[in-house]
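J.: Sending over a structure as structure tokens; questions will come in a sec.
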Amino acid sequence: MNRGNDASAVHFLLSLIDRQDAAAIRRRLGLGEPQRRTGEDAARELSRLGAPRSVLLWMLERDDPAVNAIVFHHPQATDTMKRDILRGVPFGAAAGPLPGIEGCMSHWCTHEEPRIEADGDPIGGLREASTMRQARYAVRAIGKQDWAEVAEADLEQPLPGYARWALSQRIDCPQQLRRQFGEHAKFRHRLRTAGIVELREYVEQGRPPEHVLTVLHLGAELFPQQAAEARKMVEPLVRTEIGKHEEAWAVLAQLLPTFTGTVPELVRTSGAVAAV
């Protein structure tokens, strides 16, 4: 076993058991020690894996200017996100404003603030949106500081459906506001399709597990808080179902490349097969 994604996925799970047991299992599987990647390399790998867009928010919540610079140049970063990043707006718990970002300056790579036209009444623009195009245009004016006002306005009088959907697709839309818009199963499915997921949902329902676990492994570099939370979610299951059972880990490594279920299903299946 030496393929990159396979190894990274197994390394993430091995980080959940005792170090000595993990070392013995690595020897059994022919794995070396996990390699740490630079932020930019890790970000490129996230894109290749098709990680959900929510990882960009998890990165921004770190409030690290170096990580913010990576998000700034990500192809899925919106002009509104770029504007807030350049203005030093914190997305996490930092007081702000954050230090500016540094890096390349050329015709294709610039840190110039995007121009976002607005009429001075972002809520009015949302209420007047009668098409998806109009809603997306109006949503461009909504910055991080405006979310509380948007939530209050929607409570006073529900915003149009197009506006609600355009707002929900913003990765920095607060989860509480998304729930205010609705929690219908069809709505949540559309959000998942758009790459908007909550961490627990991604850990427990994301597919395929090889990609999910590799994304979480890379998260130790780019979004360590969420990666640590994910470890806490998965650790009890891993310790109960496969623990230090080397045969179960061998089964998991064999199943991993083609397994189409979820991470919990992969762990339980590996333990069950090894016990037969």
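J.: Just to be sure, is Glu247 farther than 15 Å from Arg36 by Cα and assigned to a helix (DSSP H, G or I)?
T.: yes
J.: Does Leu167 satisfy being closer than 16 Å to Leu57 by Cα, aliphatic (A, V, I, L, M) and either in a helix (DSSP H, G or I) or at pLDDT below 95 (or both)?
T.: Considered against the rule, which asks whether it is closer than 16 Å to Leu57 by Cα, aliphatic (A, V, I, L, M) and either in a helix (DSSP H, G or I) or at pLDDT below 95 (or both), Leu167 comes out as yes.
J.: Is it true that some residue in segment 45-62 is β-branched (Val, Ile, Thr) and under 15 Å from the mean Cα position of the chain (by Cα)?
T.: yes
J.: From the residues in segment 176-203 that are within 13 Å of the chain's Cα centre (by Cα) and assigned to a loop (DSSP other than H, G, I, E, B), which one is farthest from Leu266 (Cα to Cα)?
T.: Ala194
J.: Could you check Val55 against (1) open to solvent by less than 20 Å² (accessible area, probe 1.4 Å); (2) in a helix (DSSP H, G or I); (3) assigned by the TED database to the domain that holds Thr240 and say which number it fails?
T.: Val55 satisfies all of (1) open to solvent by less than 20 Å² (accessible area, probe 1.4 Å); (2) in a helix (DSSP H, G or I); (3) assigned by the TED database to the domain that holds Thr240 except (3).
J.: Suppose we filter Thr110, Thr131 for residues that are at pLDDT below 95, over 28 Å from Leu199 (Cα atoms) and of a type outside the set (Phe, Trp, Tyr); which single one remains?
T.: Thr110
J.: Among the residues of segment 115-145, what is the count of those that are within 13 Å of Arg83 (Cβ to Cβ) and loosely packed, with under 14 Cβ neighbours inside 10 Å?
T.: So the answer is 4.
J.: From the list Ala148, Ala141, Ala129, exactly one residue is among the aliphatic types (A, V, I, L, M) and assigned to a helix (DSSP H, G or I). Which is it?
T.: On inspection, the qualifying residue turns out to be Ala148.
J.: Please go through segment 152-186 and give me each residue that is aliphatic (A, V, I, L, M) and crowded, with 17+ Cβ neighbours inside 10 Å, ordered by number.
T.: Ala153, Leu159, Ala163, Ala166, Leu167, Ile171, Leu177
J.: Next question, about the same structure. Taking into account only those residues within segment 213-244 that are among the charged types (D, E, K, R) and in a helix (DSSP H, G or I), which is modelled with the lowest pLDDT?
T.: Checked segment 213-244; the qualifying residue modelled with the lowest pLDDT is Glu221.
J.: Restricting attention to segment 204-217, which residues are within 18 Å of Glu45 (Cα to Cα) and either surrounded by fewer than 24 Cβ atoms within 10 Å (Cβ to Cβ) or of a type in the set (Ser, Thr, Tyr) (or both)?
T.: Matches in segment 204-217: Gly206, Arg207, Pro208, Pro209, Glu210, His211, Thr214.
J.: Take the residues in segment 33-52 that are part of a loop (DSSP other than H, G, I, E, B) and free of Cβ contacts under 8 Å to residues at least 24 places away in the same chain, then tell me which one is least open to solvent (accessible area, probe 1.4 Å).
T.: Glu33
The values are calculated or read from the model by the stated rules, or taken from the named source; none is laboratory data. These figures come from a predicted structure and were not determined experimentally. As a convention, Cβ positions derive from the backbone with ideal geometry for all residues, glycine included, and neighbour counts pool all protein chains shown. Just so you know, the surface numbers come from the protein's heavy atoms only, side chains and all, with ligands and any DNA or RNA stripped out. Shrake-Rupley method; radii C 1.70, N 1.55, O 1.52, S 1.80 Å.
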